[in-house]
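Asks: Could you have a look at this structure, given as structure tokens, before my questions?
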Amino acid sequence: MRPTFEGIEGGLGRILAVALRVIRQLKRDRRTVGLITFAPIFLMVLFGYALSGEMSGIGLGLVDEGGQEGLRGHLEGVDDFEILHLGSASDAELLIEEGRLNGAIVLRPGQVVVMLDGSSPQIAASLMDQVRIGLERPMPLDLRYIHGYDLEMMDSVGPAVLGLVVFFFTFIVSAVSFLRERTQGSLEKFVASPLSRPEMVLGYLLGFSVFTVIQSVTTMAVVVFVFGVPMEGSPATALAVVLLLGAAALVMGAFFSNFAKTEFQVVQFIPLVILPQVVLTGVWWPIQSIPESIRPVSSILPLTYSSEALRAVMLKGASIGEIMPDIFALSLFLLIGFVAATLALRREVG
């Protein structure tokens, strides 16, 4: 028998009755109960574990032209560095330019040349710390920035945050819009028409893309003109990356909307879909700082590739050909999301 509060005085009894009704509703919504119970545990473990790691996997070129044996031995003994021995400073500079090394050290008698990719201030700072620790005696360093001289933290994270903002809002708007179309019966009407399901998804994708373009352009303008993040490469190339990411977010939102019955349930996808990408894709801190045991997860998240591509274009002036691997990865996410959304639509209204 359900408890009542008839014996409790007026206002308090009514308040308790409302509270009991809310509890009953929540108990029937297993998705919400699971979110309240397990999502905080999942997120705390994810954040705590991701933030507990130290830098590792830093690509460092080492050019030994004689001298500074103590520094060479120290650098070779640092587990965080992946040392590549090179024959000349020009080779090291080329590899940094291509993004294959995070920095390089040229050891000469009485001189140490440090070449850095400053587009990641955290990695550059970690490398400089180890150089200073390894020096046998204080001496001036010949410091050369191949990319990103004197970048501030916002300059480094700005390109990645640009992708994050577009992905977040596009995913949420797409998921909610598809949910409304389904709950209002619009999708069933389209099914009764000559339209195929892929054509339906493509039509929605094209329609939402208009708003994605507006959102992408305005967000990029804020990042560049308000916060002063550099745009060394082509704005059109950067915009193409953002639009491709937005399209992937659109089809992902369409897919996940099939697993929600209310808009509140759509919001529940945020900790499961969005927050892991905030932590594991190099938006706020380098992927090299993520523990190696969970680092492979980064390779299956689209924001990893948009962050790398946007940093390369905006901070290093990379062309579209130089970021083609990232373009390919984002295109693959778009294709997989489109197929998944189409199949889920078929199951839902077919």
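Asks: Looking at the range 68-83, which of its residues are farther than 20 Å from Gln122 by Cβ and surrounded by fewer than 16 Cβ atoms within 10 Å (Cβ to Cβ)?
Replies: Glu69, Gly70, Gly73, Glu76, Gly77
Asks: Collect the residues in the range 99-143 that are without any contact (Cβ under 8 Å) to a residue 60 or more places away in the chain, in a loop (DSSP other than H, G, I, E, B) and over 11 Å from Ile58 (Cβ atoms), keeping them in residue-number order.
Replies: Result: Arg100, Pro109, Gly110, Gly118, Arg137, Pro138, Met139, Pro140.
Asks: What helices (runs of 4 or more DSSP H) lie completely within the range 170-281 and have 2 or more residues being touching a residue at least 60 places away in the same chain (Cβ under 8 Å), closer than 26 Å to Phe328 by Cα and among the hydrophobic types (A, V, I, L, M, F, W, C)?
Replies: Per the criteria, 197-221, 235-256, 275-280.
Residue-wise test of (1) out of contact with any helix residue (DSSP H, G or I) (no Cβ under 7 Å at 6 or more places or on another chain); (2) surrounded by 18 or more Cβ atoms within 10 Å (Cβ to Cβ); (3) acidic (Asp, Glu).
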residue: Ala240; (1), (2), (3): yes, yes, no
residue: Phe255; (1), (2), (3): no, yes, no
residue: Gln277; (1), (2), (3): no, yes, no
residue: Thr281; (1), (2), (3): no, yes, no
residue: Leu303; (1), (2), (3): no, yes, no
residue: Leu315; (1), (2), (3): no, yes, no
residue: Leu334; (1), (2), (3): no, yes, no
residue: Val339; (1), (2), (3): yes, no, no
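Asks: Go through Ile300, Ile327 for me and flag whichever is out of contact with any strand residue (DSSP E or B) (no Cβ under 8 Å at 6 or more places or on another chain), under 26 Å from Leu116 (Cα atoms) and among the hydrophobic types (A, V, I, L, M, F, W, C).
Replies: Working: Ile300 fails: under 26 Å from Leu116 (Cα atoms).
Exactly one residue qualifies, and that residue is Ile327.
Asks: Which one of Glu181, Glu232 is modelled with pLDDT under 80, in the same structural domain as Leu335 (by TED's automatic domain parsing) and among the acidic types (Asp, Glu)?
Replies: Being modelled with pLDDT under 80, in the same structural domain as Leu335 (by TED's automatic domain parsing) and among the acidic types (Asp, Glu) holds for just one of Glu181, Glu232, which is Glu181.
Asks: Which of the numbered conditions does Met200 fail, given that it passes all the others? Conditions: (1) more than 29 Å from Ser298 (Cα to Cα); (2) crowded, with 20+ Cβ neighbours inside 10 Å; (3) touching a Lys or Arg at 6+ places or on another chain (Cβ under 9 Å).
Replies: All conditions pass for Met200, except number (3).
Asks: Of all the residues that make up the range 96-117, how many are surrounded by fewer than 21 Cβ atoms within 10 Å (Cβ to Cβ) and either under 24 Å from Glu152 (Cα atoms) or in contact with a Gly (Cβ under 7 Å, 6 or more places away or on another chain) (or both)?
Replies: Residues meeting the conditions: 10.
Asks: Could you check the range 132-162 and list, in sequence order, the residues that are farther than 28 Å from Val226 by Cα and surrounded by 20 or more Cβ atoms within 10 Å (Cβ to Cβ)?
Replies: Going through the range 132-162, the residues farther than 28 Å from Val226 by Cα turn out to be 132-144.
Result: no residue meets the conditions.
Asks: Which one of these is under 34 Å from the mean Cα position of the chain (by Cα) and either at pLDDT below 85 or over 17 Å from Val131 (Cβ atoms) (or both): Gly61, Gly66, Gly48?
Replies: Criteria check complete, one pass: Gly48.
The values are calculated or read from the model by the stated rules, or taken from the named source; none is laboratory data. Everything quoted here is computed from the prediction, not taken from an experiment. Every residue, glycine as well, gets a Cβ built from its backbone with ideal geometry; the counts of neighbours run over all protein chains shown.
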